[in-house]
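Single-structure report; data block below.
Here, each number is a calculation from the coordinates, and none is a lab measurement. Since the structure is predicted, the reported quantities are computational estimates derived from the model, not experimental observations. With ideal geometry, Cβ positions are generated from the backbone for all residues, glycine too; neighbour counts draw on all protein chains shown.
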Ligand SMILES: Cc1ncc(COP(=O)(O)O)c(C=O)c1O
């Protein structure tokens, strides 16, 4: 059997990794400024993470959601504390798309309505409802076109209110900072306005923090830069540092009922151990402070490069915009400088999503390489 060939691949085969360094099968070393699509939060193969997962696997790796699993309560409690979101309840699942799918479904259950407002250049995943609110027709099949969705420009509260006035909107979904699209974000006034309008028109505000969450923006959640309180928050990527675990934080004012949501694998023992290890490391190693310190340094250095026309994003979710498309630059960075970076829907933007414990020394390596290549 062959693989269903949906990914254009770089010719690199990683076999080992530690911190922000990856080695390929020929023992070539790479600097990882992309964390495999923003997944690596506490660094590759962090010793605490490896020890906790190994111990958990030696005890029990999986049992279903039909029995008690105290690790789930431990994870929910710890996540509430570390993120300062103690007035939310947690539903655990497996991927970012699934988290958004469940959040959208809860909004529709609770309000009895079905239309969703999302934003231009958004990315929310590839499952049915999630892809229908993603602004990319190319990844929507005919079967994904039945959900009523209104896609609006960012930062236009007038148009949001016009759409909400029709009375059929169950939720507004927005990324804390746009990831795949290219690091654009709502202003504080916009986020605050969305919160107010959602209250007024009885729609639920869903913050997709799948890429921008878990400390990446320099706050635990990117929306916390704007002092708002969403009804639901979706998380994945950095939550498990590579183990596939995701979740929906659902405000405690929204009541659960048996059977409303469910999953076979979500919240399994190994996933919870990964989630707990990540939170413990973020807290004990002060990683959010590191994000802010390294981010300031990175931005100062990037500003010295003339070819960098615009710097977008926050924390260690940074976009460097150039006059030209960055496809060739990314290839040079991988094959000649041995540095992983990311692209975006905005083809002129280089996306930087390193592990949250990256050092300024490692940033220097990148800046020197970039200066050489632009
Ligand atoms: C903001 C955002 N939402 C949702 C998703 C989908 O997550 P997953 O690929 O885990 O389904 C992504 C993935 O890139 C994302 O960046």
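Numbers for the structure displayed
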item: GNM result for the chain, Cα springs below 10 Å: residue of 100, 241, 84 fluctuating most strongly; result: 84
item: Most mobile listed residue (228, 282, 318) in the chain, GNM with C-alpha springs under 10 Å; result: 228
item: Gaussian network model of the chain, Cα within-10 Å springs - most flexible of 99, 277, 163; result: 163
item: Neighbour-count ranking [beta-carbon atoms within 10 angstrom, fewest first] of 199, 23; result: 199, 23
item: Linear extension gain, residue 27 paired with residue 306, 0.36 nm per residue minus alpha-carbon span; result: 97.0 nm
item: The stretch 252-317 shape via C-alpha gyration tensor axes, a/c threshold 1.5; result: prolate
item: Theoretical FRET efficiency, 1/(1+(r/R0)^6), r = Cβ-Cβ of residue 299 and residue 196, R0 41 Å, to 0.05; result: 0.85
item: Packing-based order for 365-374, 264-273, using average beta carbon neighbours within 10 Å, highest first; result: 264-273, 365-374
item: Considering only the chain, percent of DSSP beta bridges that pair antiparallel, nearest 5; result: 60 percent
item: Gyration tensor (alpha-carbon) shape descriptor, the chain, a/c threshold 1.5; result: oblate
item: Full-stretch length increase - residue 120, residue 62 - with 0.36 nm per residue and alpha-carbon distance subtracted; result: 17.0 nm
item: At R0 = 30 Å, FRET efficiency that the Cβ-Cβ distance of residue 73 and residue 16 yields, to 0.05; result: 0.30
item: Fewest-first ranking of 288, 117, using other Cβ atoms within 10 Å as the exposure measure; result: 288, 117
item: Taking 284, 321, 101 and counting other C-beta atoms within 10 Å, the order from fewest to most; result: 284, 321, 101
item: Three-way shape call for the stretch 1-157 based on the alpha-carbon gyration tensor, with the a/c threshold at 1.5; result: oblate
item: Percent RCO, i.e. relative contact order, over the chain, from Cα pairs under 8 Å lying at least 6 residues apart; result: 23 percent
